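Participant: Please find one structure pasted underneath; my questions will follow.
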Amino acid sequence: MQVWNVDALGGFLYSDQLSDVLRMDLLPTVKVRQFADARDGSEKGLHAGEAYNWNVYSRVSVGGGQLNEEIEMPRSKFTIRQGTLTITEYGNSVPYTGKLNDLSKQPVTEIIHKVLKVDAKETLDGAAHAQFNKTVLRVTPTSGTSANSVTLATNGIAPFTNNIAFGKEHCKAIVDIMKERNIPPYMNDDYYALAWPTSLRTIKNNLESIHQYIETGFRHIANGEIGRYEGMRFCEQTHVAKGGAADSTTWNFRNPDPWNNGLSDWIFFFGEDTVTEAIGIPEEIRGKIPTDFGRSRGVAWYYLGGFGLVHGSTTADAANARIIKWDSAA
């Protein structure tokens with residue numbers, strides 16, 4: 001709880017010569033969640049149940065071809081499968097006392113609003129990342145050290161321990177894989193990649209000499225976008241921790257960290273139709289009804305919704321996967 005009589009929890013909101021300018025520790029924008037591009041679930045709304053389903057249609061089982069005038073038109077068929085996610089609640093709150101609010105020079109609720117907005121962005125980015133991370137397509141440098149070739153696995157397990165920094169030759173190989181697997185581009189003819197800044201350091205250095213995105217009229221479109229090469233647009237993020245944690249304190253994908261050599265870290269490469277977000281109630285700031293005769297107050301953020309990987313969460317569906325993860329064996 002935010003209180004007046006502890007400096008770090010509220011007392012500093014009124015001190016001698018305190019600046020009137022509000023300065024936050026961190027004010028990020030969403031990086032992972034912006035690529036949850038399958039937004040058909042955004043109109044789910046209230047009173048529609050906790051389950052959200054979407055249909056996925058296969059190609060026809062027998063392709064068309066040249067017709068013979070005297071032979072009946074050939075017949076084919078396709079199959080339908082369903083993906084599903086569960087709507088759940090997300091949120092956090094900061095309680096504070098009436099005394100803190102009454103004695104503070106700076107607006108307590110405004111500060112809490114900003115702090116909670118940061119927390120909401122980071123939390124929902126982590127939820128979207130958890131679905132990206134379910135993709136069964138995992139790629140590493142061949143033998144773990146090749147600077148020119150990569151090896152793709154379709155069972156959700158990285159084929160080698162990754163012992164080299166990601167570079168432009170790896171980018172070329174991954175783009176070729178994505179094109180040959182008929183992964184549709186995310187935007188126009190471009191794919192996207194998302195990673196920590198240090199994971200992209202080598203290719204950023206490569207781009208300085210290539211000037212690829214200047215020659216092609218590159219424009220920044222997505223939050224965190226830093227460059228383009230071989231039809232791959234690169235974005236940086238720092239919400240989801242290195243090594244694959246859902247947030248800065250919880251290791252829930254691997255333990256220990258497979259990237260302990262410090263040479264690289266996870267990168268997602270993806271095309272269109274990645275993760276669906278079903279929204280019951282968009283994220284919002286809520287005020288607590290004051291209790292204890294107005295002495296106990298609080299502010300919270302709240303979100304009712306869920307995220308689900310659209311394609312490629314199982315080996316059987318690997319052919320339809322749209323996300324490839326630059327990974328490393330434990």
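Participant: Under the Karplus relation 6.51 cos²θ - 1.76 cosθ + 1.60, θ = phi - 60°, what is the ordered set of whole-Hz ³J(HN,Hα) values for the stretch 264-275, x standing for Gly and Pro?
Facilitator: Couplings: 7, 6, 4, 9, 9, 10, 7, x, 6, 6, 8, 10 Hz.
Participant: Here is a follow-up. Give, in nm to one decimal, the length gained when the segment between Trp54 and Arg75 is fully stretched (0.36 nm per residue of separation minus the Cα-Cα distance).
Facilitator: Going from the current span to full extension adds 4.9 nm.
Participant: Then there's this: So for Leu124, Leu309, Leu152, Leu67, fewest C-beta neighbours within 10 Å to most, what's the order?
Facilitator: The most exposed by this proxy come first: Leu67, Leu152, Leu124, Leu309.
Participant: Also, quick follow-up: Can you order the peptides 72-82, 99-109, 163-173, 54-64 by their average number of other Cβ atoms within 10 Å per residue, highest first?
Facilitator: The packing order, highest mean first, is 163-173, 99-109, 54-64, 72-82.
Participant: Ordered by residue, what ³J(HN,Hα) values in Hz, to whole numbers, does the stretch 77-90 give under the Karplus form 6.51 cos²θ - 1.76 cosθ + 1.60, where θ = phi - 60° and Gly and Pro are x?
Facilitator: Going residue by residue, I get 7, 9, 10, 10, 10, 10, x, 8, 9, 10, 6, 9, 9, 10 Hz, with x marking Gly and Pro.
Participant: Quick one: 3J(HN,Hα) in Hz for the stretch 113-127, Karplus 6.51/-1.76/1.60 with θ = phi - 60°, rounded, Gly and Pro as x.
Facilitator: Karplus-based 3J(HN,Hα) across the stretch 113-127 equals 4, 5, 4, 5, 5, 4, 4, 5, 4, 5, 5, 6, 4, x, 5 Hz.
Participant: For Glu180 and Glu272 in the same chain, what is the full-extension length gain: residue separation times 0.36 nm, less their Cα-Cα distance, in nm?
Facilitator: Taking Glu180 through Glu272 to full extension adds about 31.6 nm, to one decimal.
Participant: Which FRET efficiency value, to the nearest 0.05, is calculated for Lys114 and Asp190 with the Förster distance at 30 angstrom and r the Cβ-Cβ distance? Kindly include the intermediate steps, with their values, before the conclusion.
Facilitator: Numbers: r = 34 Å, r/R0 = 1.13.
Calculated value: 0.35.
Participant: Label points 7 Å out from Cα along the Cβ direction at Val62 and Arg295: separation in nm?
Facilitator: For the pair Val62/Arg295, the computed spacing is 8.1 nm.
Participant: Name the residues whose placed amide hydrogens come within less than 5 Å of the amide hydrogen of Arg286, ignoring near sequence neighbours (fewer than 5 apart) on the same chain.
Facilitator: Answer set, sorted by chain and number: Ala300, Trp301, Tyr302.
Participant: So, one more: What FRET efficiency comes out for the pair Lys204/Lys288, r = Cβ-Cβ distance, R0 = 51 Å, nearest 0.05? Could you put the intermediate results ahead of the total?
Facilitator: Numbers: r = 45 Å, r/R0 = 0.89.
It comes to 0.65.
Participant: How high is the relative contact order of the stretch 272-330, in percent, with contacts defined as C-alpha pairs under 8 Å that are six or more residues apart? Write down the numbers at each step before the final one.
Facilitator: Numbers: 78 pairs, mean separation 21.0, N = 59.
In percent, rounded to a whole number, it is 36.
Participant: I would also like to ask the following. Rounded to the nearest angstrom and ordered from largest down, what semi-axes does the equivalent ellipsoid of the stretch 58-97 get from its C-alpha gyration tensor (root of 5λ)?
Facilitator: After diagonalising the Cα gyration tensor, the semi-axes are 57, 9, 5 Å.
Participant: Which whole-number percent gives the relative contact order of the stretch 80-159, counting Cα pairs below 8 Å spaced six or more residues apart?
Facilitator: 19
Every number here is computed from the coordinates shown, using simple stated rules; none is lab data. It should be emphasised that the depicted structure is a prediction, and the values quoted were computed from it without experimental measurement. So basically every Cβ, Gly included, is an ideal-geometry build from the backbone, and we count neighbours across all protein chains shown.
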